[in-house]
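Chemist: Here it is, the structure, as structure tokens.
Just so it is clear, none of the values below were taken in a lab; they were calculated from the coordinates. Bear in mind the structure is a predicted one, so any value in this text is a computation, not a measurement. Reconstructed Cβ throughout: ideal geometry from the backbone, glycine too, with neighbour counts over all protein chains shown.
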Amino acid sequence: MSRTESYLLTVWAAPATDQIVHKRTDRLGYRLRGEQEPATPPRPEKAYSWIGRSGLSEAATITVITGMGLDDVVRAFQADPQSATTLQSARDQAGHRFSVSFLAVDGAVLAVEDNGFMGSAAEVLRPLSAQGRAASIFWNINAVRRLNLAEGGELLATLELPHDGPVPAAADPYLADLDLADYRDGAAKGLAAVARFTGYQVRPADLTRIEEADRAYFIRS
């Protein structure tokens, strides 16, 4: 059997002292000591952990837009509302052209880019938010995560995740209790913030509906 790790223990004699407790927050420790485990509220991003098991797990941008009709959203992405193609056609040209799919949902429009990033660009978010709000979360295989919040044609916040520092005051209410300094589950945390900001919670069923509609739009370069 090969050895993959090793440990070095150093022991020395010392006078007896009182017990020093360095940490008592491990949940297993509570059980071993026979103590009641403290209640742990569910993390806000847990409701979006499905994104890591979806077809968008490696790289995508999801944008939610309020206050704007579907055709206007398509145009804001620099696409032609009358020139839809199939998802397979878009995937066949993925190495040469970027594409985006749209879905009208309750009170908003959802834009999904498989391995695209246009919804994270300020020049797209500003017009998208001109009549309401627009929020996006972008991630890629290189562990880049970018959360964007825009309203009234203005970009309120652009945060690279993980983020360990102050956030714009306008964005702070939508980021409460999200541990942005932790690198894990960045896409899920971004989706939680997007839902809080826009009022629409992206669901796995939305991606299913996009697949069933089988419509994508090439984005002009």
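Chemist: Quick one: which of 34-45, 98-109 comes out on top by average Cβ neighbours within 10 Å, and what's the full order, highest first? Walk me through the intermediate numbers first.
Modeler: Working: 34-45: 10.4, 98-109: 19.0.
Highest to lowest by the protection proxy: 98-109, 34-45.
Chemist: Just to be sure I understand: with springs between alpha-carbon atoms less than 10 Å apart, which residue in 139, 50, 12 has the highest mean-square fluctuation in the Gaussian network model of the chain?
Modeler: Greatest mean-square fluctuation among the candidates belongs to 12.
Chemist: In addition: In degrees between 0 and 90, to the nearest 10, how far off the longest principal axis of the chain does helix 204-213 point, with axes built from Cα atoms?
Modeler: Approximately 30 degrees, to the nearest ten.
Chemist: Which value, in Å to one decimal place, does the Kirkwood hydrodynamic radius take for the chain when every pair of different Cα atoms is included?
Modeler: Values: mean 1/r = 0.0508 Å⁻¹.
The Cα-based Kirkwood calculation yields 19.7 Å.
Chemist: How are the alpha carbon pair distances in the range 68-197 distributed across 5 Å bins from zero to the largest one, expressed in percent?
Modeler: Pairs per bin, as whole percents: 2, 10, 20, 23, 19, 14, 8, 3, 1.
Chemist: Going by average Cβ density within 10 Å per residue, which order do the peptides 145-151, 111-117 take, highest to lowest?
Modeler: Numbers: 145-151: 24.7, 111-117: 21.7.
Highest mean packing first, the order is 145-151, 111-117.
Chemist: Of the peptides 129-137, 16-24, how do they stack up when ordered by the mean number of other Cβ atoms within 10 Å, highest first?
Modeler: Numbers: 129-137: 24.7, 16-24: 5.4.
Highest-to-lowest ranking by the protection proxy: 129-137, 16-24.
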